Amino acid sequence: MKVLVTGANGLLGHHVVNELLSDGREIRILVRNVSDVFFDLHRVEVVLGSFADASTLDEALEGCDAVIHIAAMVSHTALDYQPYEAINVDGSIQLFRESIRMGVKAFVFISSSNTVGNGTSSSLLANEDYPCGFPFERSYYAQSKIAAESKLLELSKNQSIRLIIINPCFLIGAFDPKPSSGKLLLMGYKRRIMFVPKGGKNFVSAENVARVVCNALEKGRSGERYLAGGENMSFKNFYTLQSKIGSYQQWIIELPDWVLKTAGFIGDFMRAMGMESELSTVNVNQLLVQEYYTSDKATRELALDATDLSKSINQSLCWFKSQGKIS
């Protein structure tokens, strides 16, 4: 099986390529550049370009049996929906249509847990059937992923191609060059005092999600969504665990919601003035809720492992040290 991977130079992309290499797959990657690639480029075929550029798709898809589509616009700074729609919706649809035309047999679309309604406590965990709700329904990123899921599912009807949607939770692991989710670890590393929101996330090993993604090529049921998660944990408990792993002492203080909401209103004002910023009421509200999920479906059908989060945090910190981002 020859697999095309988009977004191979990101956090999840690196782990997916490494998993495919360990499986002995033929791999082609479609990336804008290879400046931040940390796997052996001699073991993959490289096509330079964008999946949103129709002129590169024939070359990228030629001879491929499957596509793993990871690349997306994930920034939370854009001031309107259009950039997200152009990349995450229109670009993904174009790639899917070309995949059908080129005879691709399986298409694995990497979406987000933000398209699924979140749970509210460790005793009430959300699964794939929970509809997206507040505050994620107001996020341009989540809106674009919801739209892409819906349109891809509609296009896949009565087609021979298999479409499998993976909804990863908050990824933790090495090979995070931007960094993306790794910013959360870097923000708290060795700070004497750490102020955190009262909310929490489902933290999951990037390695485990990559394994699920690769398993989906053959095991996933067409037209199905799979939440790929790990441990549900408050921000306070996450940073407590990180300080233990990093062997440093930290005083962690949970901020009152009103403090963060005030900051969000300031961010809204800045954005209204045309200044791009991640600070907004939408993004702040996401930090105040418990994004708690169950991944029973992916565990049953795609062999999702339950790796101790400590291992993934340690791997991430070690990698950031090797890159000189932390001491």
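The values are calculated or read from the model by the stated rules, or taken from the named source; none is laboratory data. What you are looking at is a predicted structure, and each value in this text was computed from that prediction instead of being measured. Backbone-built Cβ (ideal geometry, glycine too); neighbour counts: all protein chains shown.
Looking for whichever is among the β-branched types (Val, Ile, Thr) and free of Cβ contacts under 8 Å to residues at least 24 places away in the same chain here; the options are Val46, Val5. Which one fits?
The conditions single out Val46.
Looking only at residues in the range 264-288 that are of a type in the set (A, V, I, L, M) and buried (at least 16 other Cβ atoms within 10 Å of the Cβ), which one is farthest from Gly199 (Cα to Cα)?
Out of the qualifying residues, it is Leu279.
Can you list residue pairs whose Cβ atoms sit under 8 Å apart, with the first residue in the range 12-27 being closer than 17 Å to Ser316 by Cβ and the second being surrounded by fewer than 19 Cβ atoms within 10 Å (Cβ to Cβ)? Count only pairs 6 or more apart in sequence or on different chains.
Listed pairs, sorted by first residue: His14/Phe38.
Determine which single condition Thr299 fails, assuming it passes every other condition in (1) within 25 Å of Asp129 (Cβ to Cβ); (2) in contact (Cβ under 8 Å) with a residue 24 or more places away in the chain.
So Thr299 meets the others, but not (2).
May I ask you to verify whether Asp58 is touching a residue at least 40 places away in the same chain (Cβ under 8 Å) and more than 22 Å from Pro179 (Cβ to Cβ)?
Yes: the conditions hold for Asp58.
So how many residues does the range 40-50 have that are outside any helix (DSSP H, G or I) and either farther than 23 Å from Leu171 by Cα or at pLDDT 95 or above (or both)?
Final tally of qualifying residues: 7.
Run down Ser222, Ser180 and say which single residue is in a loop (DSSP other than H, G, I, E, B), within 17 Å of Ile110 (Cα to Cα), of a type in the set (Ser, Thr, Tyr) and more than 18 Å from the chain's Cα centre (by Cα).
Ser222
Filter the range 295-314 down to residues that are in contact with a Leu (Cβ under 8 Å, 6 or more places away or on another chain) and hydrophobic (A, V, I, L, M, F, W, C) and give me whichever is surrounded by the fewest Cβ atoms within 10 Å (Cβ to Cβ).
Applying the filter and picking the extreme gives Leu309.
One line per residue, one yes/no per condition, for (1) part of a loop (DSSP other than H, G, I, E, B); (2) free of Cβ contacts under 8 Å to residues at least 60 places away in the same chain:
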residue: Asn88; (1), (2): no, no
residue: Ser99; (1), (2): no, no
residue: Phe109; (1), (2): no, yes
residue: Asp129; (1), (2): yes, yes
residue: Ala147; (1), (2): no, no
residue: Leu153; (1), (2): no, no
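Here's a check for you: in the range 74-93, which residue that is surrounded by fewer than 19 Cβ atoms within 10 Å (Cβ to Cβ) and of a type in the set (A, V, I, L, M) is farthest from the chain's Cα centre (by Cα)?
Here the answer is Leu79.
Evaluate the range 195-218: report whether one residue or more is closer than 19 Å to Lys321 by Cβ, in contact with a strand residue (DSSP E or B) (Cβ under 8 Å, 6 or more places away or on another chain) and either at pLDDT 95 or above or basic (Lys, Arg) (or both).
Scanning the range 195-218 turns up at least one residue that is closer than 19 Å to Lys321 by Cβ, in contact with a strand residue (DSSP E or B) (Cβ under 8 Å, 6 or more places away or on another chain) and either at pLDDT 95 or above or basic (Lys, Arg) (or both).
In the list Asp65, Asp36, Asp58, which residue meets the criterion of being at pLDDT below 95, among the charged types (D, E, K, R), more than 20 Å from the chain's Cα centre (by Cα) and surrounded by fewer than 19 Cβ atoms within 10 Å (Cβ to Cβ)?
Selected residue: Asp58, the only one of Asp65, Asp36, Asp58 that is at pLDDT below 95, among the charged types (D, E, K, R), more than 20 Å from the chain's Cα centre (by Cα) and surrounded by fewer than 19 Cβ atoms within 10 Å (Cβ to Cβ).
Among residues belonging to the range 10-30 that are out of contact with any Ser or Thr (no Cβ under 8 Å at 6 or more places or on another chain) and not in a helix (DSSP H, G or I), point out the one that is surrounded by the fewest Cβ atoms within 10 Å (Cβ to Cβ).
Here the residue is Gly24.
Against the definition (in contact with a strand residue (DSSP E or B) (Cβ under 7 Å, 6 or more places away or on another chain), part of a helix (DSSP H, G or I) and closer than 25 Å to Leu11 by Cα), how does Ser310 come out, yes or no?
Against the criterion (in contact with a strand residue (DSSP E or B) (Cβ under 7 Å, 6 or more places away or on another chain), part of a helix (DSSP H, G or I) and closer than 25 Å to Leu11 by Cα), Ser310 does not qualify.
Table: residues versus (1) free of Cβ contacts under 8 Å to residues at least 24 places away in the same chain; (2) of a type in the set (A, V, I, L, M); (3) closer than 30 Å to Ile326 by Cα.
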position	(1), (2), (3)
Gly117	yes, no, no
Ser122	no, no, no
Phe134	no, no, no
Leu163	no, yes, no
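Taking the condition of being part of a loop (DSSP other than H, G, I, E, B) and crowded, with 20+ Cβ neighbours inside 10 Å, how many residues in the range 118-127 meet it?
2
For the range 94-117, enumerate the residues that are more than 25 Å from Ser180 (Cβ to Cβ), crowded, with 20+ Cβ neighbours inside 10 Å and either under 16 Å from the mean Cα position of the chain (by Cα) or β-branched (Val, Ile, Thr) (or both).
Val104, the sole residue that qualifies.
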